[in-house]
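**Q** The following block contains the structure, expressed as structure tokens.
Read-outs throughout are calculated quantities, based only on the coordinates presented, and are distinct from any laboratory measurement. All values derive from a computational prediction rather than experimental measurement. Cβ coordinates were reconstructed from backbone atoms using ideal geometry, including for glycine residues, and neighbour counts include every protein chain displayed.
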Amino acid sequence: MRLRTSLLLMAFVLATPLFAANYVLTSPSWGAAEDAAVVAAGGSVHYSHRSGIAVVTADSPEFVNLATASSRFQSVTEDIAVQWQLPTQVVEIEEAAATTPGNETFWNVQWAPTSVNAEAAWNAGYTGAGVRVAILDGGIHSTHIDLAANLDVARSTSMVPGFAFNQDVGTFWHGTHVAGIVAAADNNIGTIGIAPGATLIGVKVLHNGSGQFGWIISGILYASDSIAEGGAGANIINMSLGATFPKGGASGQLTGALAKAVNYAASKGVLVVSAAGNNGLDLGQAKSYTSVPAESGSGLAVSATGPLGWAAFGATNFRRPASYSNYGEGTVTVAGPGGDSALPGSAVCSKPRIPSGPAVVQFCWVFDMVFSTSRGAAASTSSYSWAAGTSMAAPAASAVAALALQAHPGMSLGALKAKLKSSADDEGKKGVDEFYGHGFINAGKAVQ
């Protein structure tokens with residue numbers, strides 16, 4: 001067993017940029033005149049979008065002053081590299097063999113699909129087929145046996161200079177875990193996603209958990225545009241990432257540009273789903289701080305729940321608020337299964353594989369986390385991990401949204417948001433509350 005822990009801290013800004021110095025520019029719109037103004041100021045356009053946002057590279061510190069003086073631009077802000085929040089815990093399974101025929105080998109380890117009533121949607125004939133979900137994250141292991149069949153490689157891309165969408169660092173690969181929660185295929189092999197028939201699009205905006213605002217903004221704009229327009233043609237964008245910043249200052253212009261990108265996605269009818277964050281903050285009361293993209297534009301934020309002693313005691317309190325989850329009235333729209341690692345002690349539990357084979361044996365607290373696909377060793381195409389965080393809750397909500405879209409073809413963005421809210425099970429305080437928002441997501445109700 002390999003264990004990795006990340007602290008529950010606010011995201012920090014890296015003092016030295018990871019790559020060439022970039023700037024995020026905003027304008028009422030973007031075209032040839034804006035390109036020319038950038039060149040005249042001594043910069044070069046790395047990515048631009050007609051909505052009025054561009055990522056620009058420049059070597060001279062004078063670029064900011066020269067570009068700001070131009071009447072073409074509303075804001076010119078030096079980009080910053082941020083360590084975006086990781087899951088609170090990660091545990092990787094040692095053995096990667098997951099090819100036992102008969103059914104998903106690790107179904108007995110997956111409590112999350114059951115918690116959202118996914119089987120009811122599947123039994124009604126809905127798997128998310130025909131719905132496209134963009135995973136804006138780190139690298140996706142494109143040859144993983146549970147992901148390859150559902151991954152649109154042609155439309156997957158990377159906004160991180162020097163890396164492809166299917167590259168990253170280590171053996172966990174956050175984006176790969178998130179992708180499996182949404183749409184690991186129903187292939188009788190390893191795991192199954194909540195929307196196992198949905199199409200995945202990998203849009204790499206982070207590397208080793210770090211990323212610049214410009215990369216994320218570019219990824220949102222690319223994913224939102226139709227294929228005919230040169231985009232990914234996504235119906236849903238999942239962002240299992242987050243950072244908390246003081247309001248105002250230079251970061252204020254960057255968070256404003258991020259909000260503009262999220263609102264552009266909405267203008268295209270694309271649902272943006274984001275993790276609420278793992279700081280344990282009441283975002284509704286944090287007047288001096290903002291958490292992005294959870295509070296960006298018109299997107300939806302998802303808080304996390306998780307059982308305490310599922311394998312140890314048979315606990316089925318899947319809707320118990322996770323110990324780390326951010327919350328806040330006016331911020332959280334719905335809650336979803338993110339898992340937890342708060343169970344005390346070091347007792348060992350086991351779960352049988354399907355239909356046979358060596359049992360899965362781990363510390364009991366590990367089973368309270370969310371099980372999904374991961375990168376594993378270099379030659380592996382069938383590795384899996386547990387992780388806990390709002391990063392795991394957001395893709396569950398994205399998957400339920402995919403099921404709802406398949407069940408209601410042509411549904412508008414407003415109607416889809418309303419469906420997610422109205423189909424959620426009211427938990428906590430009666431009505432909309434600060435932790436669950438409109439309730440805990442329910443796939444069976446969302447397809448009705």
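**Q** By count of other Cβ within 10 Å, fewest leading, how are GLU92, GLU434 ordered? The partial results should precede the final answer.
**A** Numbers: GLU92 21, GLU434 18.
Listing GLU92, GLU434 from fewest to most nearby Cβ atoms yields GLU434, GLU92.
**Q** Also, I was wondering about something else. Please list, or write none, the lysines whose alpha carbon is within less than 30 Å of the alpha carbon of LYS417, excluding same-chain residues fewer than 8 places away.
**A** LYS204, LYS247, LYS260, LYS268, LYS287, LYS429, LYS430, LYS445
**Q** Once the other residues with Cβ under 13 Å from the Cβ of ILE181 are scored (Lys, Arg +1; Asp, Glu -1), what is the net sum? Kindly include the intermediate steps, with their values, before the conclusion.
**A** Values: positive: none; negative: ASP137, ASP146.
Charge balance near ILE181 sits at -2.
**Q** Which value, in nm² and rounded to one decimal, describes the direction-averaged projected area of the C-alpha convex hull of the stretch 300-379? Before the final figure, lay out each step's value.
**A** Working: hull surface 30.0 nm².
Average of the hull's projected areas for the stretch 300-379 equals 7.5 nm².
**Q** Further question: Can you tell me the Rg and the Dmax, both Å, for the Cα atoms in the chain?
**A** 20.9, 69
**Q** If you consider only alpha-carbon coordinates, what radius of gyration and Dmax does the stretch 352-448 have, in Å?
**A** 17.4, 50
**Q** Quick check on the exposure proxy: order THR171, THR333 from fewest to most C-beta atoms within 10 angstrom. Please report the intermediate quantities before stating the final value.
**A** Details: THR171 19, THR333 25.
Fewest to most other Cβ atoms nearby, the residues stand as THR171, THR333.
**Q** What is the distance in Å between the Cα centres of the stretch 393-433 and the stretch 122-152?
**A** What the calculation gives is 19 Å, centre to centre.
**Q** Measure off 7 Å from each Cα along the Cα-to-Cβ vector at ASP59 and ASN187, then give the distance between these two points in nanometres to one decimal.
**A** 4.6
**Q** Can I ask one more? State, as an integer percentage, the relative contact order of the chain based on alpha-carbon contacts under 8 Å between residues 6 or more apart. Please report the intermediate quantities before stating the final value.
**A** Working: 1258 pairs, mean separation 84.2, N = 448.
Computed over the chain, the figure is 19 percent.
**Q** Would you list LYS287, LYS419, LYS204, LYS429 from fewest to most Cβ contacts within 10 Å? It would help to have the intermediate numbers written out before the result.
**A** Working: LYS287 8, LYS419 21, LYS204 26, LYS429 11.
Going from sparsest to densest Cβ surroundings: LYS287, LYS429, LYS419, LYS204.
**Q** Going by Cα centres, the stretch 314-337 and the stretch 191-267 are how many Å apart?
**A** Taking the Cα centre of the stretch 191-267 as reference, the centre of the stretch 314-337 is 23 Å away.
**Q** How would you order 395-407, 335-347 from highest to lowest mean count of nearby Cβ atoms within 10 Å?
**A** Values: 395-407: 30.2, 335-347: 22.6.
Listed from highest to lowest mean packing, they are 395-407, 335-347.
**Q** For the stretch 83-446, give me the percentage of DSSP beta bridges that are antiparallel, rounded to the nearest 5 percent.
**A** 45
**Q** I need to check one value: relative contact order of the stretch 22-79, counting alpha carbon pairs closer than 8 Å and at least 6 residues apart, in percent. All intermediate terms of the calculation are to be shown ahead of the outcome.
**A** Values: 107 pairs, mean separation 27.7, N = 58.
With pairs under 8 Å counted, the relative contact order is 48 percent.
**Q** Also: For SER350 and SER323 in one chain, what is 0.36 nm times their gap in residues minus the Cα-Cα distance, to one decimal in nm?
**A** On the way: separation 27, 0.36 × 27 = 9.72 nm, distance 2.36 nm.
Working it through step by step, the gained length comes to 7.4 nm.
**Q** If you count, for each residue, the other Cβ atoms within 10 Å and average over each peptide, how do 382-391, 147-156 line up from highest to lowest?
**A** Numbers: 382-391: 28.6, 147-156: 18.9.
Most protected by this proxy first, the peptides run 382-391, 147-156.
**Q** Further question: If you add up the charges near ALA261, with Lys and Arg at +1 and Asp and Glu at -1, over every other residue whose beta carbon is less than 12 angstrom from its beta carbon, what do you get? Please report the intermediate quantities before stating the final value.
**A** Values: positive: LYS260, LYS268; negative: ASP225.
Net charge around ALA261: +1.
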